[in-house]
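To keep things clear, I will list the structure first and then write my remarks on it.
The values are calculated or read from the model by the stated rules, or taken from the named source; none is laboratory data. Model, not experiment: these values are computed from the prediction. When we count neighbours, we look across all protein chains shown, and the Cβ atoms used for this are built from the backbone with ideal geometry, even at glycine.
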Amino acid sequence: MSDVPHLVIHTLRSLAPRLLLDLACAFVLVQGIYLRLYPRREYAFTYWLLNLITFAVAYTLSGVRVEMGLSLGLFAVFGILRYRTEAMRIRDLTYLFVIIGLAILNGVALNREAFTRAVFIDAAVLGVVAALELRRVDGREDTVVVRYDRLELLQAEQRPALLADLTRRLGAPCERAVIEHVDLMHDSAELVVTYRAQRNT
């Protein structure tokens, strides 16, 4: 019984640095980059909790010699994304992969050397994401799914008129429109529209 306080202190010494590192990375990625550019707070909620639970699982399994099982389990974590009930944009899905990857990386850093490597890798990943996302904040591309009602503009020769109409309706310069589905019964179509987002002032 007297060993319990020592065990708690030892566990906290091992857990705290990795947990703080992981939470710091999640904060930079979610609050500092993602929400600054894409104010989708429902996804931010998912990113935070998925990061935390993935870190907890990786940390718990890191002390057990189940290398192959851990690897298969990590693939299973990514596999559950196939069963999502709501379609996610590629960019949002990429952030999901990054947030899971950071949690796994920080959770399995067993010793000081591995922890140091994790710090540098975390910094590299976050630096690349920031560089790619923030280099053109005033004119970044974004996508949105639109249900469109003017089927006559879906013909190839009407593409300039289609983009002009979408630009007028969305209030942002539309550059591309991909037809996902055409519903002739309701005279509508689903379009994935790429537009040039403007800087928030």
Helices (runs of 4 or more DSSP H) contained entirely in region 37-147, each with at least 2 residues that are within 14 Å of L19 (Cα to Cα) and either modelled with pLDDT of 85 or more or outside the structural domain of E175 (by TED's automatic domain parsing) (or both): 41-62, 90-107, 112-134
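Keeping to region 92-124, report how many residues are touching a residue at least 60 places away in the same chain (Cβ under 8 Å) and among the β-branched types (V, I, T).
Applying the first criterion (touching a residue at least 60 places away in the same chain (Cβ under 8 Å)) to region 92-124 yields 95, 98-99, 102-103, 106-107, 109, 115, 118-119, 122.
Then drop every residue that is not among the β-branched types (V, I, T), which leaves 98-99, 119.
Going through region 92-124 one residue at a time, the tally reaches 3.
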Neighbours by Cβ (under 7 Å, 6+ apart or cross-chain): first from region 138-167, touching a residue at least 12 places away in the same chain (Cβ under 8 Å); second charged (D, E, K, R) and part of a helix (DSSP H, G or I): R150/D165; L153/D165
